[in-house]
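The values are calculated or read from the model by the stated rules, or taken from the named source; none is laboratory data. Everything quoted here is computed from the prediction, not taken from an experiment. Heads up, the Cβs are rebuilt from the backbone with ideal geometry, glycines too, and the neighbour counts pull from every protein chain shown. To get the accessible areas, we keep the full protein, side chains included, count just its heavy atoms, and leave off ligands, DNA and RNA. Shrake-Rupley method; radii C 1.70, N 1.55, O 1.52, S 1.80 Å.
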Amino acid sequence: MLRLLQGGRRVPELTRQCQWQRTIATRFDREEPVELKMFRESVRRFTEKEITPYANAWEEAGEYPVSLQTKAAEIGLYGIGLPDEYGGIGDSDARWQVALLEELCRAGSLGLIESLLIHTIAVPPLLAASDRGDGQLEALRERVIPPVLRGEKRACLGVTEPSGGSDVANLRTKAHVDGDHYIINGEKTFITGGTRADFLTVAVRTGGEGKNGVSLIVVDGDTPGLQRTRLPTTGWWPSDTSHLTFTDCRVPRSNLVGEEGQGFPLIMHNFNLERFVIAVTAICLGEECLEEAESWARQRYTFGQPLLSRSVIQHRLVDMRTALTSCRAWMTLVAEQMSQGHTDVASICMLKNHSSATLRDVVDGAVHVLGGASYIRGCKTERIFRDMNVLAIGGGSSEIMKELAFRQLERNGSIAK
Ligand SMILES: Cc1cc2nc3c(=O)[nH]c(=O)nc-3n(C[C@H](O)[C@H](O)[C@H](O)COP(=O)(O)OP(=O)(O)OC[C@H]3O[C@@H](n4cnc5c(N)ncnc54)[C@H](O)[C@@H]3O)c2cc1C
């Protein structure tokens, strides 16, 4: 049950009656392996017990208790796609990501999800980086990854700068060598989880201009000279969107991720999964809005009839479902490809765009069905309305996705001669 208005006023309530999401999911999914099924069920129980009852309060507070992280870690929520030796679930592929997001999105709190899962963009570069053969990268991995996956520490990724986030190759934050240390100066902005992170994977310029001069360095949260400010945002309230300033920050050279100049490909490699996850999230949140709109249309009476009896409303709901179903079919195909080790960059970019645009349409539809209720805090559609725009910007904006998709399609001969 979701009470729409707070403050003691009697208002209609939305009842969660529709189970359609599950019907659609099973229609497209292959039979899930037992381990995945068990994982899905534990994330569902976790979401129902540990998140949904508190989601509104945490949204309003812009914060959630640290204990949620350790509870999440206990059910393996942080370990998907990450190796066993650091505490991950080694055998988990893209289908696990889908299951995780399907279950977490039921709480409808995107800011919370982003914050809980932000290590999925901060940690993988450490694993993908090439070892310099001096044991330092391994020591860094062992220091950072296990405590993050146990939910004891938090990590974030800082790439975007005030001068622009799309043009990663031209970032300006500088790091120069001074003995056994790098000295970092510059700024990062819009960084999710930035003020709370214990470890910040930061993109810096260690070399000349362009992408070959970019490196990744892990900066510890307590490094002197690191200043962190939380930014006021439209949505994603519990996600801790931050501005970071680095003033002569001394960071051990052993915190370099891989080789100098390896940063750009590591960031790009990481983007594929991030963009896929964004697409899945958009679809799942759209499904939440549809479910809320359907329940409302069934319960809400106008002129003596339930809204659901009006053909205009029926058509709107069918349009919403049609759009989501097409996204879900495509997403299932891409997940299948990824789980077989094939990354189709153009498809991922286009799917991200299609899903985030579909979410906008679906939210618009839900707003029309819900009427004024959609404008009141506590309603999932209201929250998703505030949160959704980031999905078309973060991880690469829709314009950049199209640029990249075209280049990839041209490269693999898909554009007609
Ligand atoms: C809530 C939130 C959380 C975020 N979390 C993180 C994080 O954790 N870590 C991180 O590093 N970043 C994060 N970001 C930043 C995000 O990745 C950037 O906002 C994004 O990459 C776009 O960069 P920008 O905002 O600087 O826009 P710009 O790069 O300045 O671009 C502005 C607009 O111009 C368009 N544009 C740019 N270049 C072109 C072109 N060549 N052709 C056509 N159009 C173009 C873009 O599409 C965009 O719409 C977050 C952003 C938000 C809002």
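Structure data summary
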| quantity | calculated |
| --- | --- |
| Top of E102, E259, E292 by mean-square fluctuation, Gaussian network on the chain, Cα under 10 Å | E259 |
| For region 169-174, Karplus couplings with θ = phi - 60° (6.51, -1.76, 1.60), whole Hz, Gly/Pro x | 4, 10, 5, 10, 4, 10 |
| Positive-end extreme of charge dipole, the chain - chosen from F246, I80, G235 (charges on Cβ) | G235 |
| Full-extension gain in nm, E41 to S414, via 0.36 nm per residue minus C-alpha separation | 130.3 nm |
| Rounded to 5, percent antiparallel among DSSP beta bridges of region 155-264 | 85 |
| Solvent-accessible area per residue for the chain (1.4 angstrom probe, square angstrom) | 44 |
| Loop chymotrypsin sites (Phe, Trp or Tyr not before Pro), region 244-348, which have at most 14 other Cβ atoms in a 10 Å radius of their Cβ (DSSP) | F303 |
| Whole-Hz ³J(HN,Hα) from phi, Karplus 6.51 cos²θ - 1.76 cosθ + 1.60, for region 191-199, glycine and proline x | 8, 5, x, x, 7, 9, 5, 7, 10 |
| Within straight-line cross-link reach of K153, aspartates and glutamates at Cα separation under 20 Å, skipping those fewer than 8 residues along the same chain | E50, E63, E74, D84, E85, E114, E138, E142, D198, D220, D222, D240 |
| Other-chain or far-sequence residues with amide H under 5 Å of T241's (modelled H) | G193, L231 |
| Computed [θ] at 222 nm, helices only, for the chain once each DSSP H run of length n ≥ 4 contributes -39500 (n - 2.57) | -15000 deg cm²/dmol |
| Spatial separation of Cα centroids for region 57-88 and region 179-246, in angstrom | 21 |
| Karplus 3J(HN,Hα) series, Hz, for region 141-156 with 6.51 cos²θ - 1.76 cosθ + 1.60 (x for Gly, Pro) | 4, 5, 6, 8, 5, x, x, 5, 6, 7, x, 8, 10, 10, 10, 8 |
| Most mobile of K49, K188, K71 in a GNM of the chain (Cα contacts under 10 Å) | K49 |
| Distance histogram in 20 Å bins (all Cα pairs of the chain, percent per bin) | 26, 56, 16, 1 |
| Enclosed volume per residue, in Å³, of the convex hull spanned by Cα atoms of region 155-264 | 88 |
| Those aspartates and glutamates that a straight Cα-Cα span of less than 18 Å connects to K402, excepting residues fewer than 8 apart in one chain | D167, E274, D344, E410 |
| Beta bridges per DSSP with both ends in the chain, % antiparallel, nearest 5 | 85 |
| The chain - percent of accessible surface contributed by carbon and sulfur, probe 1.4 Å | 53 |
| Formal net charge of residues neighbouring A73 (Cβ-Cβ distance under 13 Å; K, R +1; D, E -1) | +1 |
| Residues of type aspartates and glutamates that K380 reaches as a straight line, Cα spacing below 14 Å, ignoring anything fewer than 8 places off in the same chain | E13, E59, E60, E287, E288, E291, E292, E294, D364 |
| Y182 long-range amide H proximity, modeled H, under 5 Å | V251, R253 |
| Gaussian network model of the chain, Cα within-10 Å springs - most flexible of H119, H315, H368 | H315 |
